Amino acid sequence: MRAETTHDMLEGALAQLDAVALRLKLDPGIHKRLRQPQRSLIVSVPTLMDDGRLEVFTGFRVQHDMTMCPTKGGVRYHPGVNLDEVTALAMLMTWKCALMGLPYGGAKGGVCCDATRMSQAELERMTRRYTSEIILVIGPDQDIPAPDMYTNERVMAWMMDTYSMQRGITTPGVVTGKPLLLGGSLGRREATGRGVYYIVKAAAKEFGMPFRGARVVVQGFGNVGSVAARLLHEEDCRVIAVSDRLGGIYNPNGLDIGKLLAECADEGRISQYRDGDRISNQDLLELDCDILIPAATAGEITEKNAGRIRARVIAEAANGPITPEADRILATKKVLVIPDILANAGGVAVSYFEWVQGLQQYFWHEHEINERLAQIMGVAFQQVLALSRKEQVDLRTSALMLGVNRVAEAKKLRGLYPGRHASPGSSPGRSWTLAATPP
Ligand code: NAD
């Protein structure tokens, strides 16, 4: 991801919050508090590389809002990771958790590194040191990391082990997205892609769009994109193009996703697949299709290419794939955009299920997890839709209104610490007031 894009991402997230605050007539004090993350940690992560060199990576953990603690959010390994990006993503997580009715605040973490060029041993050493550096702020009732770009079950297992070794007690609840054997949940690996599939199907039904045979394009064939593509393919949608970071493959008659998955499990192999034509990531986004699923990274659809997008529906599987300027262009073209905090919320929903199962030491069947996921996604979709119709706003605005309003209400209920009547203690009878408006 490019640095300027990530900076814009924070500006975009703040602009979104400001616009929604205006609509909600949010208390100015609460609005101010929501614009700032509650806690940001920057750490250096010295790591021994396989060739004997010492590399020092920079890691981050940002906890945006702890009103509904613990906080929750993924960890990504990517060369574009920086404080602005992690802050914006933590803020999005706050709205997402509130929208889905989960008892979490938003957090995010990451290490600025190119995981695709590192060995498993290097990744393990870096992960363990990163976990040690952020150990003060994470924990099963404090802040719970999960996988995101270029992190997976294996990384979560190393994080859990490092935390447990330092605390002296095995603590599976410190992360979600763990391997099954270590207390992971059935269905977690597929949850985000499955959630995207449920939402796209619900939207097609609601807006009278034929689902079977719908032409689907998926950018990013990783954990999220590949699952969404497979489930849509199994439901007889025609997945005409998919890509990874090195390029894509296009076949107007539809790709055999099962075969593609079997042959191209390794990254970078998609463009070598034979049953279709090679296509660049930019051309892929502009293909004539019914459903476009950006499932790679932020800032992929900008004011530069939005005018050429020909999809009818875009489901944001990635976080922030559409810039605010592009959003406005797509609105004038009447493209239906299903926002990230709704479309990709399946992952955090099943992370919540994993956390609950772990706390109870009682594990559910996969069909129960998928049913509960379908239910939670369906309820959120209907709430977002109803508010968008009532307020005559797009789905992104209504999803944000729901999420932000819930957090603001919870903040109001808790009040501000210390409050107006708090005493400094040393001089009885005197009280002091805060200059800023308390909520
Ligand atoms: P992943 O690392 O498994 O896969 C990422 C995929 O995107 C890979 O195929 C990679 O090659 C491709 N890619 C990277 N840069 C690209 C580019 N510029 N153009 C095209 N393809 C590119 O990651 P993931 O877990 O599938 O996450 C994908 C997106 O979904 C991220 O934005 C992430 O924040 C978001 N997300 C993930 C989860 C989750 O549970 N994993 C949950 C919510 C949101």
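Where a number appears in this text, it was derived from the coordinates with a stated rule and is not lab data. In this text, all values refer to a predicted model and were calculated from it rather than measured experimentally. Note that we place each Cβ from the backbone using ideal geometry, even for glycine, and neighbour counts take in every protein chain shown.
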Note, Ile291: beta-carbon cut-off 14 Å, +1 each Lys/Arg, -1 each Asp/Glu, net +1
Going 7 Å from the Cα of Lys334 along its beta-carbon direction, which residues of region 381-414 have the amide nitrogen within less than 14 Å of the resulting point?
none
The chain - mean residue ellipticity at 222 nm from DSSP helices (-39,500 (n - 2.57) per run, n ≥ 4, rounded to 500):
-14000 deg cm²/dmol
In square nanometres, what is one fourth of the surface area of the convex hull spanned by the alpha carbons of region 209-277?
4.1
Where N is the number of residues in region 4-56, Cα Rg divided by 2.2 N^0.38 Å
1.87
Between Glu235 and Leu181, the FRET efficiency computed from the C-beta separation at R0 = 45 Å comes out, to the nearest 0.05, as 0.90
With each label point set 7 Å from Cα along the Cα-Cβ vector, what nm distance links Arg154 and Arg167?
2.5
Segment Thr58-Leu413, length gained on full extension (0.36 nm per residue, minus Cα span):
124.1 nm
Net charge dipole size for region 69-159 [Lys, Arg +1 and Asp, Glu -1 on Cβ; Debye, nearest 20]
80
For region 283-292, in residue order, the Karplus 3J(HN,Hα) values (coefficients 6.51, -1.76, 1.60; θ = phi - 60°; whole Hz; Gly and Pro = x) are 5, 4, 5, 9, 5, 6, 7, 8, 10, 10
Hypothetical label at Gln375: residues of region 192-214 whose amide nitrogen lies under 18 Å (7 Å Cα-Cβ projection)
195, 198-199
To the nearest whole percent, what portion of all C-alpha pairs in region 319-405 is separated by more than 21 angstrom?
41
In a Debye calculation with equal point scatterers on the alpha-carbon sites of region 6-113 and no solvent, what is log10 I(q)/I(0) at q = 0.12, 0.20 Å⁻¹?
-0.44, -1.00
Would you mind getting me the FRET efficiency between Asp18 and Arg274? Use the beta-carbon distance for r and R0 = 60 Å, nearest 0.05.
0.75
Given N residues in region 74-222, what is its alpha carbon radius of gyration divided by 2.2 N^0.38 Å?
1.17
At R0 = 45 Å the Cβ-Cβ FRET efficiency linking His365 and Arg420, nearest 0.05, sits at 0.30
Tell me the volume per residue, in Å³, of the convex hull enclosing the alpha carbons of region 140-296.
126
Using only C-alpha positions, report the orientation-averaged shadow area of the convex hull of the chain, nm², one decimal.
23.0
